[in-house]
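For reference, the structure discussed in these notes is given below.
The values are calculated or read from the model by the stated rules, or taken from the named source; none is laboratory data. Source: prediction; values computed, not measured. Reconstructed Cβ throughout: ideal geometry from the backbone, glycine too, with neighbour counts over all protein chains shown. Remember, those area values only see protein heavy atoms, side chains included, never the ligands or the DNA or RNA. Shrake-Rupley method; radii C 1.70, N 1.55, O 1.52, S 1.80 Å.
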Amino acid sequence: MSRSSTRPRRAVGRLMSDRFGPDARFGVRLVTTVAATALASVPFAVALVLVESRWAPLHRLDQGTAERLHRTALGHPAWVRVLDFLTHVVWDPVTMRLLVAALVVWLLVRGAVRLAIWATVTATAGGLLGLLVKNVVERTRPHLPDPVSQAPGFSFPSGHAMTATTSCAVLLMALLPLVPRAWRPLPWALAVVSVIGVGYTRVALGVHWVSDVVGGWLLGLAVVTATTLAFEAWRTDVGRDRTTPAQGLEPEIVAERPEPPAGSTDGRNHSSGSPRIPQDQPGQCDKNTG
């Protein structure tokens, strides 16, 4: 029975290989994994909010943290101005998206088209999915006496936290191969500080609950994971090795031609710059050397 159940999978795999090239399969995987992540994340977000509204320990954590940080903010106006600058300028979603947009343009100029597509899809899917969950859950923001900041819209998940997660992941995974190995802990630390820092500013300014921020982080990680798996599948299709987070998503970005041309199945030969000689034309080598 197990043998018969694997036959349809093999037939589908052969059909995909015969009818679609690696770039087409990459696109199909990218779209389907993002759609699957969206479908899986929306009910999870609804369930999480339901738990938050009924589970007393989480409610006490949200309420207690908000009140404690709010008292600190009321007593330190200068600190509020710092938090406001960080959350509305340095780590604002517009700032993060502009950085990703600049990265996409640079990748296109460099010839890393698939990596640019990955960055675009990851950032766009994260923003749309976060907006969808917000409108499905419709969670209200904290109501505190003498608020030090205001924010429109619903609360869960935190858009700032989710955008920081997806944007920092995109920038880190795309640019990490360009950083010398000894210096790579520095961008990792910068990304972690940015993601945690923006979450802190949202709670400290009284515009989000702690669980909103955690939800934004988790949903952002889910999107990045889904699109990264699709990109890794494309690398396998074109004959490249899978990478680790320590390497970055496309180590070949340091090469003159970081990606193989459309339809190629030998990315490593192309990225190294060495031309391929068709094996069915043995005389071509003799002709060139003669």
Which of the helices (runs of 4 or more DSSP H) found entirely inside the stretch 58-146 contain at least 2 residues meeting this: open to solvent by 20 Å² or more (accessible area, probe 1.4 Å), closer than 19 Å to Val223 by Cα and of a type outside the set (Lys, Arg)? 93-110, 113-137
Output the residues belonging to the stretch 147-199 that are within 16 Å of the chain's Cα centre (by Cα), open to solvent by less than 60 Å² (accessible area, probe 1.4 Å) and of a type in the set (Val, Ile, Thr). Thr163, Thr165, Thr166, Val170, Val195
Name the one entry in Leu171, Leu249 that is touching a residue at least 24 places away in the same chain (Cβ under 8 Å), part of a loop (DSSP other than H, G, I, E, B) and more than 27 Å from Ala56 (Cα to Cα). Leu249
Can you find, within the stretch 207-224, the residue that is nearest to Gly75 (Cα to Cα) among those that are open to solvent by less than 10 Å² (accessible area, probe 1.4 Å) and part of a loop (DSSP other than H, G, I, E, B)? Val207
So which residues in the stretch 113-163 are more than 20 Å from Ile196 (Cα to Cα), in contact with a Gly (Cβ under 7 Å, 6 or more places away or on another chain) and among the aliphatic types (A, V, I, L, M), if there are any at all? Leu144, Val148
Given the conditions (1) touching a Ser or Thr at 6+ places or on another chain (Cβ under 7 Å); (2) under 24 Å from Trp118 (Cβ atoms); (3) open to solvent by less than 20 Å² (accessible area, probe 1.4 Å), which single one is not true for Ala233? (1)
